[in-house]
1. Hey, how many Å between the Cα centroid of region 409-444 and the Cα centroid of region 140-192?
2. Roughly how many nanometres apart are two label points built 7 Å out from the Cα toward the Cβ at H220 and A5?
3. Just list whichever of K115/K365; K247/K372; K129/K196; K115/K196; K115/K277; K196/K372 have alpha carbons separated by over 30 Å in the model shown.
4. According to a simple spin-label model (label point 7 Å from Cα along Cα-to-Cβ), what is the distance in nm between N238 and D353?
5. Which number comes out as Rg/Rh for region 39-112 once both Rg and the Kirkwood Rh are worked out on C-alpha atoms?
6. How would you rank 349-360, 67-78, highest first, on the average number of other Cβ atoms within 10 Å across their residues?
7. How many angstrom lie between the Cα centre of region 1-63 and the Cα centre of region 204-243?
8. Once fully extended, how much extra length lies between W289 and A435, figured as 0.36 nm per residue of separation less the alpha-carbon to alpha-carbon distance?
Amino acid sequence: MSRDAAIARVTEHFDNGSFFSDLARRVAIASSAQVKELRPELERYLLEEMTPALEAMGFQTSIHPNPDRRGGPFLVAERLENSNLPTLFSYGHGDVVRGFEGDWRDGRDPWTMVKDGERWYGRGTADNKGQHSINLAALAAVLAVRGRLGFNCKILLEMSEEVGSVGLAEFAETHKSALRADLLLASDGPRLAPDKPTLFMGSRGALNFELDVDLRDGGHHSGNWGGLISNAGTRMANALATLVGPKGEILLPELRPEAIPDSVRKVLSQVQVRGGKDNGGGPDVEEDWGQPGLTPAERVYAWNAFEVLAIKAGNPDQVANAIPPNATAWCQIRFTVDRDPTTFLPAIRAHLDRGGYHDVAVGQKNDGFMMKASRLLPDHPWVQWARVSVRRTTGEEPAILPNLGGSLPNNVFAETLGLPTIWVPHSYAACSQHAPNEHVLEPVLRQGLQMMAGLFWDLGEGEVPEWRTQ
């Protein structure tokens, strides 16, 4: 009964093909929260896959309806060994984005997992079925070797993350007592680089919104009216140029953090953001893009970003010699915990009014989209405990990020449940997670299983930071 034995057991689970079979079976359930016709698959994933797997490990499970009618169900599982032990809370989501059938390379079916070299292709392999499957397999290995976990464990699986985790905050608030724990340890998002074990402690938030210019009904001949009437595209372009500069720098101070905390800046000084071939084929990092004076790591993990996701004026498919009467820009702000996102749109409105852009409307359509930011500072005792465990398993120092550059519903766990939050990602940035050809890498999966078995084993040993169930 040893740590090495647990790691060896979960490694064999990978090497003998059992993990591949488990994940392929889960990928085959087309549980897309974005496709109305596939809603029955959301509950099927919980009933047919997660419930049997968890109950086989001695968890008690229950499935709950979502308090928001737009969202899918939740599964809550708990294994309580002793009230005097710390309680781990973990999370995953079994819903995926739409399959984009017909757009995958070599005619692949998104719901059939295929191995090609060291890549496993299939919808959900990276986001998030592969990641929570790793954690479940690691828990099972520790149980098999030790005969117990050595800690209490609660797991929440949601089926609405890909539609903004609707209902999650309300569900967590209602069930706060039942979800009480001491630490969140979960997996989502990408590593810093494929070959770099990574820990992050929160996520940047995201606010999606629209800018609209609606000048008049219908277009008018550009020869007869050019120079006489305003152009919606021109107005939009100039309005955007007052918010974000030619190198992507945010020009409006109210949309930027005031400063980067010293502990965050210190840990990021050890982080090198890679691109191109060094990051599995992603784009090259552009050193001169974004806020001047910041390193690439600071720009993506400690600063805000204003992105124009799409823009339209006139009819791009059939361009006419007419002055467009309307224009829309779909925009997004990725932000850290250092700014209150409820202030962003009022600040933009006031700024545009000061500049004479009264004809540019600012707002959110279809209920909008906003995910809050969260962060656990890198010097927190639980972070250092996890760092030592991962180093012991892998033989190298993991990258420590104060928060993910993307967004997760981590604020629900950090604020509503009051948990220190640590994420151990098992994917990489170029995995095509929301696009055709989503995949995971075998070396990352295998090492992820080993790291999680080590973390769970160490938690059960009891040599952990001071804890107290709330």
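1. Measuring centre to centre over Cα atoms gives 13 Å.
2. The answer from the label model is 8.4 nm.
3. On the way: K115/K365 40 Å; K247/K372 26 Å; K129/K196 21 Å; K115/K196 22 Å; K115/K277 21 Å; K196/K372 27 Å.
From K115/K365; K247/K372; K129/K196; K115/K196; K115/K277; K196/K372, over 30 Å: K115/K365.
4. The two pseudo-label positions are separated by 2.0 nm.
5. 1.10
6. 67-78, 349-360
7. Their Cα centres are 49 Å away from one another.
8. 50.1 nm
The numbers here are math on the coordinates, done by the rules we state, and not lab data. A quick note: this is a predicted structure, and the numbers were derived from the prediction, not measured. We place every Cβ from the backbone using ideal geometry, glycine too, and count neighbours over all the protein chains shown.
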